[in-house]
Amino acid sequence: MLAHDIIRRPIITEQSMDQVADKKYTFEVAKGANKIEIKKAVEEIFKVEVAKVTTINYKGKPKRMGVHAGKRADWKKAVVKLTDSSKTIELFEG
């Protein structure tokens, strides 16, 4: 997998923006990606040093539109902690 296939999108929420001060950044990542692949992808894309990666798997919620029933897609979230000597990720600034 390529680095851009592993890191799908940044997650911008109130809670994730509070963690930016601690050099923690939140991303939606590919379901099949492991912590080592996520670490390498973030280091390659943003040119930073990663200290720790935490992952969380989410199950899709059931949804209905009238008589049609379905569910949202399952997805995976990764919280990436950078080293103290690493630069920040500009995408989350401002």
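The values are calculated or read from the model by the stated rules, or taken from the named source; none is laboratory data. For clarity, every value in this text was computed on a predicted model and none was experimentally measured. Here the Cβ positions follow ideal geometry from the backbone for every residue, glycine too, while neighbour counts run over all protein chains shown. Accessible surface is based on the protein model in full, side chains and every heavy atom, while ligands, DNA and RNA are left aside. Shrake-Rupley method; radii C 1.70, N 1.55, O 1.52, S 1.80 Å.
The residue pairs whose first member lies in the range 45-60 and is within 13 Å of T88 (Cβ to Cβ), whose second member is open to solvent by 40 Å² or more (accessible area, probe 1.4 Å) and of a type in the set (A, V, I, L, M), and whose beta carbons are closer than 9 Å, counting only pairs six or more residues apart or on different chains, are F46/L91.
Just to verify a result, which residue in the range 6-18, among those that are in a helix (DSSP H, G or I) and touching a helix residue (DSSP H, G or I) at 6+ places or on another chain (Cβ under 9 Å), is surrounded by the fewest Cβ atoms within 10 Å (Cβ to Cβ)? Let's see the steps before the verdict.
First, the residues of the range 6-18 that are in a helix (DSSP H, G or I): 6, 14-18.
Still in the running and touching a helix residue (DSSP H, G or I) at 6+ places or on another chain (Cβ under 9 Å): 6, 16-17.
Values: I6: 22, S16: 17, M17: 13.
So the residue we want is M17.
The residues on offer are K40, K31, and the sole one that is charged (D, E, K, R) and touching a helix residue (DSSP H, G or I) at 6+ places or on another chain (Cβ under 9 Å) is K40. Under the condition of being touching a Phe, Trp or Tyr at 6+ places or on another chain (Cβ under 9 Å) and closer than 16 Å to S85 by Cα, which residue from the range 22-47 is most open to solvent (accessible area, probe 1.4 Å)? The extreme case among them is F46. For the range 6-14, the condition of being acidic (D, E) and within 10 Å of the chain's Cα centre (by Cα) holds for none of the residues.
Every listed requirement among (1) charged (D, E, K, R); (2) open to solvent by less than 70 Å² (accessible area, probe 1.4 Å); (3) at positive phi is met by K81 save one, (3). Mind checking which residues of the range 19-38 are touching a residue at least 60 places away in the same chain (Cβ under 8 Å) and part of a strand (DSSP E or B)? Within the range 19-38, Y25 is the sole residue that qualifies. Of all residues in the range 53-86, those satisfying the criterion of being part of a loop (DSSP other than H, G, I, E, B) and under 23 Å from D5 (Cα atoms) are K59, G60, R72, A73, D74.
Report whether or not A41 is touching a Leu at 6+ places or on another chain (Cβ under 9 Å) and either modelled with pLDDT of 95 or more or assigned to a helix (DSSP H, G or I) (or both). When the stated conditions are applied, A41 passes them. In the range 72-94, the residues that are under 21 Å from E37 (Cα atoms) reach residues that are open to solvent by less than 10 Å² (accessible area, probe 1.4 Å) and of a type in the set (S, T, Y) with C-beta atoms within less than 7 angstrom, at least six apart or across chains, in these pairs: K77/T26; V79/T26; V80/Y25; I89/Y25.
For the structure I just gave you, tell me whether K63 is basic (K, R), farther than 20 Å from E93 by Cα, modelled with pLDDT of 95 or more and open to solvent by less than 60 Å² (accessible area, probe 1.4 Å).
Details: basic (K, R): yes; farther than 20 Å from E93 by Cα: yes; modelled with pLDDT of 95 or more: yes; open to solvent by less than 60 Å² (accessible area, probe 1.4 Å): no.
When the stated conditions are applied, K63 does not pass them.
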